[in-house]
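Take a look at the structure below.
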Amino acid sequence: MTRYFLSSLGQFLITLFGVAILIFLLLRVAPGDVVEVKMRSGGAVVSEETIARERARLGLDRPMTTQFVDWMTGLARLDFGKSMWTERPVVEEISTRIGITLEVAVLALVIGLAIAVPLGVASALSNGSWLDQAVRVFSVAGLSAPPFWLGMLLLLALLLYAGWQPPITTIRWSENPWGHFSQLICPALVVGWRLSATIARMLRSSLLDVLNEDYVRTARSKGLPEKIVIVRHALGNALLPAITVAGLEFAFLLGGLVVTEQVFNLNGVGKLLVQAVGQSDFTLIQGLVLMFAFFFMVVNFAVDMLYAVLDPRLR
Amino acid sequence: MSDASTNLHLTARRTFGKTFRRFARRQPLGAAGAVLIVVFIICGLFAPWVAPYDPFDTDFMAVLEAPSRAHWFGTDSFGRDVLSRIIHGSRSALALGVTASLLGAAIGGLIGVMAAYYGGRFDMIVQRLIDMILSIPVIVLALVLAAVLGKREIGALDLNLVLAIAIPNAPRAARIIRSAALSVCRMPYIEAARTAGFTDARIILGHIAPNLSAPALVLVTAFVAQAILMESSLSFLGVGIVEPAPSWGLMLSGVAVSLFAEAPWTVIFPGLAISVTVFAFSLLGDALRDELDPKSRS
């Protein structure tokens, strides 16, 4: 087990390092940088000299390898550098916004699971019937509608039928808990539906597999009521793959809220990324992408370890 | 002679009809998706004749008009006919969606087959690279790629946008095709081809790849759905298709809450077009997977 853990950890670090190189190179091969955007965006006439001086100040004129080594040594000390636009530390920019994104993601996961479990079970038990088909349509529809459009429709419906518009500025939990929650619930509903589709389909197929197992037949032939067979014997085992999928989807959500945050005007890390991309703020983009990848890999790693603990064959 | 050829033609046609009817009976939802896709493709191909107005025609006397007999889906803030813009938008959505997913599946599929065929160190390196790309959320990678690559148009198609959508999907294709190719690579006839001295390229393209057409078909269909959704998201975020080109995602971007309360049709219909198209491809992809993949058949 220790060996498996260490080799997985090694792979984890290599992958993370690879993502760092990848995103660094990707941003550097493209023409244009933050200085161009900052000084020339309004069509302003700025001399090459001024631009060069600003580049030198931000360290953009140094060779690529120097920049990379610099960034890496900073990372080793958990220093992500400074945003090239606001010149505040990247860590500070992210940490002030990560909270709201995490809250939406957690709430979406809760909503997703609450929808997915009953739907997945119902469709597995009625395999092939009209109910199964209806659940399939509901799930595929959830995956097909663009989240930003669903968000707009939700806002529109609330405005037209309830005359309610979500607050435009961020409301803190400490100021007004209900106002804070009302900001989160709409995006969470939209994203939750999407999540529920993936989870419900996974649960359906894993439950169908489990229902064909010998021990389920044994439980049935013992004369146990069907309800107990399903809830106590089958569902427990069928939930594991569904929860894995839920975990991985959740891990993706941190970066996946990019579009949703835009619609609901939430000041989270997704919106920050769109801003950073628009401003060619390299250090901030690097920091964000690395954080998304890190988060995803941590969840992945945790799932792997959990499986190894539960199933010795995998070690 | 002519009799035989007409007969042959008829048989072929009947077989297709029969196959489709059998498919429709077993997978009614998938068949519905296929029909919808055909309708959308026809609409896109014949857009100038199907659309009632020119999609670029502004009419400042008819700004934000509600749906009427003259404008079925109303007009937008420039007085352009929403229905015509949606019909013309289906061109870019389908063209981009199909090219991006074919390209992504081709790149990823080739890498996947090679990883399965060569195995060893090459396979290991490919796996790590796939892990790296897969750990970045799709939309994040696509957004950064689209912004970094900029625009490079070939005809009406923005090649860099196609790349930005294809690249994040390629590793997924590689992983799926690799696992499907592993079992094919172990077949005796591959060994035989190797013994016969065929080149690797000939074995991979001529002997392994044709056996992977089923998973590839499922993959591409599902990718088209993802790619259309991705294009609309990128256009919505302002790094995809730009004004005044008609694009579904673009039609939804920059609309303030106050505006869409006043003119909800400018929001409802383009979104509906995206949803229905993606829905159709997803249903077809699902049905194809059920039909072609023996493992998922329940």
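Which residues, taken from the range A:265-276, are outside any loop (DSSP other than H, G, I, E, B) and buried (at least 24 other Cβ atoms within 10 Å of the Cβ)?
Listed by number, the residues that qualify are A:Val269, A:Gly270, A:Leu272, A:Leu273, A:Ala276.
The residue list B:Thr277, B:Thr221, B:Thr199 contains one member that is within 30 Å of B:Ile111 (Cα to Cα), polar (S, T, N, Q) and open to solvent by 20 Å² or more (accessible area, probe 1.4 Å), which is B:Thr199.
The set of residues from the range A:251-287 being of a type in the set (Gly, Ala, Ser), over 16 Å from the mean Cα position of the chain (by Cα) and within 9 Å of chain B (Cβ to nearest Cβ) comprises A:Gly278, A:Ser280.
Of the residues contained in the range B:104-127, none is found to be within 17 Å of A:Leu25 (Cα to Cα) and in contact with a helix residue (DSSP H, G or I) (Cβ under 8 Å, 6 or more places away or on another chain). Looking at A:Leu189, A:Leu195, just one residue is open to solvent by 70 Å² or more (accessible area, probe 1.4 Å) and modelled with pLDDT of 90 or more, and that residue is A:Leu189.
Against the test of being more than 14 Å from every other protein chain (Cβ to nearest Cβ), under 22 Å from A:Phe301 (Cα atoms) and in contact with a helix residue (DSSP H, G or I) (Cβ under 6 Å, 6 or more places away or on another chain), the options B:Ala174, B:Ala180 yield a single qualifying residue, B:Ala174.
Right, A:Gly18: out of contact with any strand residue (DSSP E or B) (no Cβ under 6 Å at 6 or more places or on another chain), at positive phi and surrounded by 13 or more Cβ atoms within 10 Å (Cβ to Cβ) or not? So A:Gly18 fails the test. All but one of (1) over 26 Å from B:Ser135 (Cα atoms); (2) basic (Lys, Arg); (3) surrounded by 20 or more Cβ atoms within 10 Å (Cβ to Cβ) hold for A:Arg220; state the number of the condition that does not hold. Failed condition: (3).
Would you mention how many residues in the range A:30-55 are surrounded by 10 or more Cβ atoms within 10 Å (Cβ to Cβ) and either under 31 Å from the mean Cα position of the chain (by Cα) or not in a loop (DSSP other than H, G, I, E, B) (or both)? Show your work before the answer.
Taking the range A:30-55 as the starting set, the residues that turn out to be surrounded by 10 or more Cβ atoms within 10 Å (Cβ to Cβ) are A:30, A:32-41, A:46, A:50-55.
Restricting the remaining residues to those that are either under 31 Å from the mean Cα position of the chain (by Cα) or not in a loop (DSSP other than H, G, I, E, B) (or both) gives A:30, A:32-40, A:50-55.
Looking only at that region, the number is 16.
Exactly one residue out of B:Ser68, B:Ser77, B:Ser92, B:Ser101 is free of Cβ contacts under 8 Å to residues at least 12 places away in the same chain and open to solvent by less than 70 Å² (accessible area, probe 1.4 Å), and it is B:Ser68. So, in the range B:163-190, of the ones that are of a type in the set (Lys, Arg) and touching a residue at least 40 places away in the same chain (Cβ under 8 Å), which residue ends up most open to solvent (accessible area, probe 1.4 Å)? Of everything passing the filter in the range B:163-190, B:Arg175 is most open to solvent (accessible area, probe 1.4 Å).
Going by what's in this entry, would A:Ala124 be described as without any contact (Cβ under 8 Å) to a residue 60 or more places away in the chain and not in a loop (DSSP other than H, G, I, E, B)? Reasoning before the result, please.
Working: without any contact (Cβ under 8 Å) to a residue 60 or more places away in the chain: no; not in a loop (DSSP other than H, G, I, E, B): yes.
So A:Ala124 does not fit the description; no.
Looking at A:Thr96, A:Thr101, just one residue is of a type in the set (S, T, N, Q), in a helix (DSSP H, G or I), under 19 Å from A:Phe292 (Cβ atoms) and open to solvent by 70 Å² or more (accessible area, probe 1.4 Å), and that residue is A:Thr96.
What's the total number of residues in the range B:93-137 that are of a type in the set (Val, Ile, Thr), assigned to a helix (DSSP H, G or I) and within 14 Å of chain A (Cβ to nearest Cβ)? Lay out the reasoning, then the answer.
Residues of the range B:93-137 of a type in the set (Val, Ile, Thr): B:98-99, B:107, B:111, B:113, B:125-126, B:130, B:133, B:136.
Right, trim to assigned to a helix (DSSP H, G or I) and you get B:98-99, B:107, B:111, B:113, B:125-126, B:130, B:133.
Applying the additional criterion that residues be within 14 Å of chain A (Cβ to nearest Cβ) yields B:125-126, B:130, B:133.
Qualifying residue count for the region: 4.
With respect to A:Leu195, is the statement that it is away from chain B (no Cβ under 12 Å) and in contact with a helix residue (DSSP H, G or I) (Cβ under 6 Å, 6 or more places away or on another chain) true? For A:Leu195, the condition - away from chain B (no Cβ under 12 Å) and in contact with a helix residue (DSSP H, G or I) (Cβ under 6 Å, 6 or more places away or on another chain) - is met. Inside the range A:18-32, residues that are more than 8 Å from chain B (Cβ to nearest Cβ) and closer than 15 Å to A:Phe301 by Cβ make up a count of 0.
In the range A:138-176, what residues are part of a helix (DSSP H, G or I) and within 19 Å of A:Ala105 (Cβ to Cβ)? Before you say what the answer is, go through the steps one by one.
So in the range A:138-176, the residues part of a helix (DSSP H, G or I) come out as A:138-144, A:147-162.
Passing the criteria: A:Gly142, A:Leu143, A:Pro147, A:Phe148, A:Leu150, A:Gly151, A:Leu154.
The residue that is surrounded by the fewest Cβ atoms within 10 Å (Cβ to Cβ), among those in the range B:138-151 that are at the interface with chain A (Cβ under 7 Å from one of its Cβ atoms) and at pLDDT 90 or above, is B:Ile139.
Every listed requirement among (1) under 30 Å from A:Leu160 (Cβ atoms); (2) open to solvent by 20 Å² or more (accessible area, probe 1.4 Å); (3) at pLDDT 80 or above; (4) more than 10 Å from chain A (Cβ to nearest Cβ) is met by B:Ala256 save one, (3). Where residues in the range A:124-143 are open to solvent by less than 10 Å² (accessible area, probe 1.4 Å) and closer than 15 Å to B:Gly285 by Cα, which of them is nearest to the other protein chains (Cβ to nearest Cβ)? Checked the range A:124-143; the qualifying residue nearest to the other protein chains (Cβ to nearest Cβ) is A:Val140. For the residues A:Pro177, A:Pro147, the requirement of being at the interface with chain B (Cβ under 10 Å from one of its Cβ atoms), over 16 Å from A:Ile199 (Cα atoms) and of a type outside the set (A, V, I, L, M, F, W, C) singles out A:Pro147. Restricting attention to the range B:27-47, the residues being open to solvent by 70 Å² or more (accessible area, probe 1.4 Å) and over 19 Å from B:Ala222 (Cα atoms) number 3.
Let's see how each residue does on (1) within 30 Å of A:Asp33 (Cβ to Cβ); (2) open to solvent by 10 Å² or more (accessible area, probe 1.4 Å):
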site: A:Ile228; (1), (2): no, yes
site: A:Leu239; (1), (2): no, yes
site: A:Ala242; (1), (2): no, no
site: A:Leu248; (1), (2): no, yes
site: A:Gly255; (1), (2): yes, no
site: A:Leu284; (1), (2): yes, no
site: A:Phe301; (1), (2): no, yes
site: A:Asp311; (1), (2): no, yes
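Of the residues making up the range B:226-241, at least one is under 30 Å from B:Asp81 (Cβ atoms), open to solvent by 20 Å² or more (accessible area, probe 1.4 Å) and touching an Asp or Glu at 6+ places or on another chain (Cβ under 9 Å). Residues in the range B:262-274 include at least one that is of a type outside the set (Gly, Ala, Ser), modelled with pLDDT of 90 or more and open to solvent by less than 10 Å² (accessible area, probe 1.4 Å).
The values are calculated or read from the model by the stated rules, or taken from the named source; none is laboratory data. Source: prediction; values computed, not measured. All Cβ positions, glycine included, derive from the backbone under ideal geometry; neighbour counts span all protein chains shown. Surface areas here come from the heavy atoms of the whole protein model, side chains and all, with no ligands, DNA or RNA. Shrake-Rupley method; radii C 1.70, N 1.55, O 1.52, S 1.80 Å.
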